[in-house]
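These notes are about the structure you will find just below.
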Amino acid sequence: MSMILFACVVRVRDGLPLSASTDFYHTQDFLECRRRLKTLALRLAQYPGRGSAEGRDFNIHFSSLGDVACMAICSRQCPAAMAFCFLETLWWEFTASYDITCIGLASRPYAFLEFDSIIQKAKWHFNYVNSTQMESSLQKIQEELDFQPPVVLTLEDTDVANGVMNGHTQMHLEPAPNFRMEPVTALGVLSLVLNIMCAALNLIRGIHLAEHSLQCYLYLFYSPARTVKVVLMLLFICLGNMYLHGLRNLWQILFHIGVAFLSSYQILTRQLQEKQSDCGV
């Protein structure tokens with residue numbers, strides 16, 4: 001009978017699964033253990049390098065170093081030394097196959113799914129090869145465990161995460177605010193064009209160029225404290241044009257200030273658009 005049933009490689013900082021062995025077990029107890037393993041993966045950064053979560057029929061073992069951790073679900077009969085020797089083998093194989101930059105940049109689950117074949121080979125080796133052939137490796141791991149025992153949890157402890165105590169505390173999830181703006185109007189497009197024109201006329205004056213560029217940004221994208229920013233920007237543009245009174249005629253100054261007022265009005269009147277809930281997802 002197999003003693004190592006499932007194994008996966010995860011990223012320590014956020015618990016993102018990088019690779020996992022093919023799952024051949026579908027009993028209710030095993031699936032529950034899988035769920036608890038995923039919860040535990042999110043908290044690996046809180047624990048030292050080695051640890052075990054003990055259950056009635058299955059144990060979860062994990063071993064982490066740096067930003068990579070290996071985890072396994074084993075039967076209760078599996079010796080801890082064998083489980084951690086297996087996890088250490090996986091860790092060396094994975095870190096030798098993928099550099100730390102690729103691991104850190106991984107953004108989707110199971111980005112290194114091709115590593116599954118190596119996990120399966122290692123599982124078969126530890127499950128079916130005579131343990132006497134691994135005696136020296138197991139003895140070394142056992143000495144390390146005697147010197148520095150792994151942290152021991154229960155499977156129930158793995159549910160104490162993110163404010164959920166053993167599944168009894170309900171979490172109230174508020175929908176995330178949506179910052180999608182209303183469609184751009186024709187007058188808004190005109191104000192953008194005029195701002196771009198003003199910015200082009202102020203290429204040699206960095207501050208004024210930045211002012212009109214920021215007005216375009218505030219119109220197109222949502223920004224906290226938008227009203228305060230708009231008022232301050234309008235004030236700076238007015239003061240800047242008063243400062244340039246000797247270099248510009250009255251019509252040029254009125255043009256720049258008029259564009260600033262038009263853009264400010266468009267920014268303040270363009271509201272957020274409420275996004276419909278994705279009920280079908």
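The values are calculated or read from the model by the stated rules, or taken from the named source; none is laboratory data. Everything numeric in this text was worked out from a predicted model, so none of it was measured. Cβ: placed from backbone, ideal geometry, glycine included. Neighbour counts: every protein chain shown. Side chains are part of the model used for accessible areas, which takes the heavy atoms of the whole protein and leaves out ligands, DNA and RNA. Shrake-Rupley method; radii C 1.70, N 1.55, O 1.52, S 1.80 Å.
Roll a 1.4 Å probe over the protein heavy atoms and report the accessible area of F115 in Å², nearest 10.
0
Can you give the accessible area of E144, probe radius 1.4 Å, in Å² rounded to 10?
The accessible area comes out at roughly 60 Å².
So the label point goes 7 Å from the Cα of L113 along Cα→C-beta, right? Which residues of the range 1-26 then have their backbone N under 15 Å from it?
Answer for this model: 9, 17-23.
For I100, what accessible surface area do you get with a 1.4 Å probe? Give it in Å², rounded to 10.
Here the accessible area works out near 110 Å².
With each pseudo-label sitting 7 Å past Cα toward Cβ, what's the S2-Q120 distance in nm, one decimal?
Spacing of the two 7 Å Cα→Cβ label points: 1.0 nm.
Order D14, D146 by their accessible area, 1.4 angstrom probe, all chains in place, largest first.
Largest accessible area first, the list is D146, D14.
With each label point set 7 Å from Cα along the Cα-Cβ vector, what nm distance links V193 and E144?
Label at V193, label at E144, 6.9 nm between them.
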